[in-house]
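Quick notes on the structure that follows.
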Amino acid sequence: MSLPNRKREARGRGASPASANGRSTRLSDMIAAWTLAGPALFLLIVLFFLPVLAVFVIALTDWQFGASTLSFVGLANFEEVFADRGFRASLFNTVAYVAIVVPGTIVLGLAVALLIESGKSFRAFYRAIHFLPYMATLTAMAIAWEALLHPTIGLVNQTLAGLGLPTANWLRDESTVLPVLAAIGIWQNLGFAMVLFLAGLKSIPQDLYHAAEVDGADLWLDRLRTVTLPMLGPVFMFVFIVVALKAFETFDTVQVLTQGGPGHASEMLLFTLYRESFQYLRTGYGASVAVVFLIIVVALTLIQARVMDKRVHYQ
Amino acid sequence: MMTRVYSPSPTTILRHAALLMTAALILAPFVWMVSLSIKPPGEIFRASFSFWPEQFYGVENYTRAVTQAPLLRYMLNGVIVCASILALQIAVCAPAAYALAKLEFPGRNLLFALVLIALLLPHEVLALPLFILGAKVGILNTYAALIFPYVVSPFGIFLFRQFFKTIPDDVVHAARLDGYSELGIVWKIMIPMALPAIIAFGIFSVVSHWNSLFWPLIAVRDQALMPPPLGIMAFKNEEAGNDYGPLMAASTLVVAPLVIAFLSAQRWFLEGMAGNAVK
């Protein structure tokens, strides 16, 4: 797991006292440094920090696209957002979706990683296949999924009917649409979790397995329980947060497959954000949704940062 | 190893059986997509399990995919946008990362803190103000609209800084004595030495932007400017999802470049995409 380590290093001291033969405080050096870093700083401000501020400002005002005046309305936009049944459904769906995708991805990703690590043959082959969905264009794959889930000619219903099981109109039925989108989410992210778990498994010292065996952990399941899973602890937390963030940011499948429907059954936060801001042009409402979304994402990331800091003590 | 038995034991067989099963489930959408893309309409709607069609219709479907919709144009747009974004990101991020890693100057820690904060921000939250900015500058519905939000990558700065820090200071001193300017050091010394990080970042950047739908949906309306995901969505909506063959052919063509690149350079892709974990 080199990547979380990198992040941790970054949180430690700033750059090493690298620099140049003691002449570092000279004015010309300062100018040189800011010439190199200036464009990036300018763009960070214009493309990240001012927009974030603007989202908060818009969320607190009644400003509309193209309007020349605005007045502060306090939290009125947020009140409207939270009073809206559509938004509450969207928030609830997103949380439910995340609650299916995260455990599903972690359990299956870990299972596949353990299976791959438990033998020597075809490792790269299996790893490649399971990772494929993570980098395949999701918009295009969503179209393939739609064909697969087609009520009459789709492979899923054909197979179920062939086995004598009940079929469904998966994407048009309120009770199945969200679980089906979640299944697609698991399908897409499983390989990513697998890669992180594989890296975590590689970093477990072999000595621990020998020691566990000496201590009588003869069965694979014993070693899994006493060595593998505890040693993977930090990786678990990391995968948990990263997959949760990805799941919260789900947009493509909703946009391509369901448009949030039927009813509000598959509406999720980013889709609501997009539709309100850019289709209905409800600027203040859209900005408020963006703020809610931002708060959730930042909270998750801060938890991740805390956990990563704890890892230092753990090791 | 967790299994200590090396002859083809029941465990080994079980391992392959389980992995082949999950692999089959993972591959099902890809296989179904390719299968439909070479079937004639009659066979698609007759609903059969066979992968290979009785009548090979691939030529017709793929021809229609590239003639009915400007699919090749979409893919060219994808290449233009991804290449521009990556080139600008490296041009902006590498010098800043070098300053953060190897120079001491007042404000350095503050700048690094800003990079870390920007790393936290999901891009979708910024879409509304960036859309307004694009409208004010008058670049909406151009290539520039697709590119400008991404010209600076906090992740790129962060990743390059970490890598540059592992390069010994002596290398920098020696280059200064040889008369290199600071910018010369970045381009001629640091970037070549940090090539693995650059490649990993490049893969991450290209994959994310080739695949991204959210911002292009907002930034452009003109079909001639659409990148592949947006283009294929437009194609689907026009066809009302009835003309499965050409639609699946188009999807296959959009997915193919990254899948082929991934299969031929697996190690690099795994490194580059796992980099996403930091974000």
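The values are calculated or read from the model by the stated rules, or taken from the named source; none is laboratory data. Predicted, not measured: the structure shown is a model, and the values here were computed from it. Here Cβ is always computed from backbone atoms with ideal geometry, including for glycine, and neighbour counts include all displayed protein chains.
Out of curiosity, is A:Thr167 in a helix (DSSP H, G or I), of a type in the set (Ser, Thr, Tyr) and on the phi < 0 side of the Ramachandran plot?
Numbers: in a helix (DSSP H, G or I): no; of a type in the set (Ser, Thr, Tyr): yes; on the phi < 0 side of the Ramachandran plot: yes.
When the stated conditions are applied, A:Thr167 does not pass them.
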Residue that is farthest from B:Gly134 (Cα to Cα) [pool: residues in segment B:220-240 that are more than 10 Å from chain A (Cβ to nearest Cβ) and part of a helix (DSSP H, G or I)]
B:Glu239
Mind checking which residues of segment B:91-114 are of a type in the set (A, V, I, L, M, F, W, C) and more than 7 Å from every other protein chain (Cβ to nearest Cβ)?
B:Ala91, B:Ala94, B:Ala97, B:Leu110, B:Ala113
Taking into account only those residues within segment B:158-213 that are polar (S, T, N, Q) and over 30 Å from A:Gln255 (Cα atoms), which is farthest from the other protein chains (Cβ to nearest Cβ)?
B:Thr166
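With the condition being among the hydroxyl-bearing types (Ser, Thr, Tyr), I'd like the helices (runs of 4 or more DSSP H) fully within segment B:1-114 carrying at least 1 qualifying residues.
Numbers: elements: B:10-37, B:41-46, B:58-68, B:71-102.
Output list reads B:10-37, B:58-68, B:71-102.
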Matching entry among A:Ala111, A:Ala136, A:Ala124, A:Ala96 (being in contact with a Phe, Trp or Tyr (Cβ under 8 Å, 6 or more places away or on another chain) and not aromatic (Phe, Trp, Tyr)):
A:Ala136
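Based on what the data block shows, is A:Ile204 among the β-branched types (Val, Ile, Thr) and under 28 Å from A:Ala299 (Cβ atoms)?
Numbers: among the β-branched types (Val, Ile, Thr): yes; under 28 Å from A:Ala299 (Cβ atoms): no.
So A:Ile204 does not fit the description; no.
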Cβ pairs under 6 Å, 6+ apart or interchain, first in segment A:151-167 and closer than 12 Å to B:Ile44 by Cα, second of a type in the set (Gly, Ala, Ser), ordered by first then second residue, are A:Ile153/B:Ala47
Within segment B:117-126, take every residue that is assigned to a helix (DSSP H, G or I) and within 7 Å of chain A (Cβ to nearest Cβ) and give me the one that is nearest to the chain's Cα centre (by Cα).
B:Glu124
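Any residue at all in segment B:240-261 that's exposed (fewer than 15 other Cβ atoms within 10 Å of the Cβ) and touching a Lys or Arg at 6+ places or on another chain (Cβ under 8 Å)?
Here is the first cut: in segment B:240-261, the residues exposed (fewer than 15 other Cβ atoms within 10 Å of the Cβ) are B:240-242, B:260.
Next cut, touching a Lys or Arg at 6+ places or on another chain (Cβ under 8 Å) only: none.
No, because not a single residue in segment B:240-261 is exposed (fewer than 15 other Cβ atoms within 10 Å of the Cβ) and touching a Lys or Arg at 6+ places or on another chain (Cβ under 8 Å).
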If A:Asp218 meets every condition in (1) crowded, with 23+ Cβ neighbours inside 10 Å; (2) assigned to a loop (DSSP other than H, G, I, E, B) apart from one, which number is that one?
(1)
Is it the case, given these coordinates, that A:Pro205 is free of Cβ contacts under 8 Å to residues at least 60 places away in the same chain and more than 17 Å from the chain's Cα centre (by Cα)?
yes
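Tell me, please, whether a residue that is closer than 30 Å to A:Val235 by Cα, touching a Pro at 6+ places or on another chain (Cβ under 9 Å), facing chain B (nearest Cβ under 7 Å) and modelled with pLDDT of 90 or more can be found in segment A:46-53. It would help to see each step written out before you state the result.
Quick first cut of segment A:46-53, residues closer than 30 Å to A:Val235 by Cα only: A:48.
Filter again for touching a Pro at 6+ places or on another chain (Cβ under 9 Å), leaving A:48.
If we keep only those that are facing chain B (nearest Cβ under 7 Å) too, we end up with A:48.
If we keep only those that are modelled with pLDDT of 90 or more as well, we get A:48.
Among the residues of segment A:46-53, at least one is closer than 30 Å to A:Val235 by Cα, touching a Pro at 6+ places or on another chain (Cβ under 9 Å), facing chain B (nearest Cβ under 7 Å) and modelled with pLDDT of 90 or more, which makes the answer yes.
Between A:Leu208, A:Leu270, A:Leu224, which is modelled with pLDDT under 90 and at the interface with chain B (Cβ under 10 Å from one of its Cβ atoms)? Full working, then the answer.
Values: A:Leu208 fails: at the interface with chain B (Cβ under 10 Å from one of its Cβ atoms); A:Leu270 fails: modelled with pLDDT under 90.
After ruling out the rest, the residue left standing is A:Leu224.
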Within segment B:147-188, the residues that are among the polar types (S, T, N, Q) and either touching a strand residue (DSSP E or B) at 6+ places or on another chain (Cβ under 8 Å) or crowded, with 18+ Cβ neighbours inside 10 Å (or both) are B:Ser153, B:Gln162
How do the pairs read when you match residues in segment B:47-60 that are touching a residue at least 12 places away in the same chain (Cβ under 8 Å) and more than 14 Å from chain A (Cβ to nearest Cβ) with residues anywhere that are of a type in the set (Val, Ile, Thr) and loosely packed, with under 13 Cβ neighbours inside 10 Å, using Cβ under 7 Å and keeping only pairs 6 or more apart or on different chains?
none
Going through segment B:236-262 one residue at a time, which ones are at pLDDT below 90 and among the hydrophobic types (A, V, I, L, M, F, W, C)?
B:Ala240
List pairs: first residue in segment A:270-299 and closer than 17 Å to A:Lys246 by Cα, second residue outside any helix (DSSP H, G or I) and among the small types (Gly, Ala, Ser) anywhere in the structure, Cβ distance under 6 angstrom, at least six positions apart or on different chains.
A:Phe271/A:Gly260
Which ones in segment A:218-254 are free of Cβ contacts under 8 Å to residues at least 40 places away in the same chain and under 17 Å from the mean Cα position of the chain (by Cα)?
A:Phe251
Aliphatic (A, V, I, L, M), touching a Phe, Trp or Tyr at 6+ places or on another chain (Cβ under 9 Å), surrounded by 19 or more Cβ atoms within 10 Å (Cβ to Cβ) and not assigned by TED's automatic domain parsing to the domain that holds B:Met226, is that true of B:Leu36?
yes
For segment A:55-145, which fully contained helices (runs of 4 or more DSSP H) count at least 3 residues that are in contact with a His (Cβ under 9 Å, 6 or more places away or on another chain) and more than 29 Å from A:His264 (Cα to Cα)?
A:85-117
Selected residue [closer than 24 Å to A:Val107 by Cβ and either in contact with a strand residue (DSSP E or B) (Cβ under 8 Å, 6 or more places away or on another chain) or not hydrophobic (A, V, I, L, M, F, W, C) (or both)] from A:Thr167, A:Thr253
A:Thr253
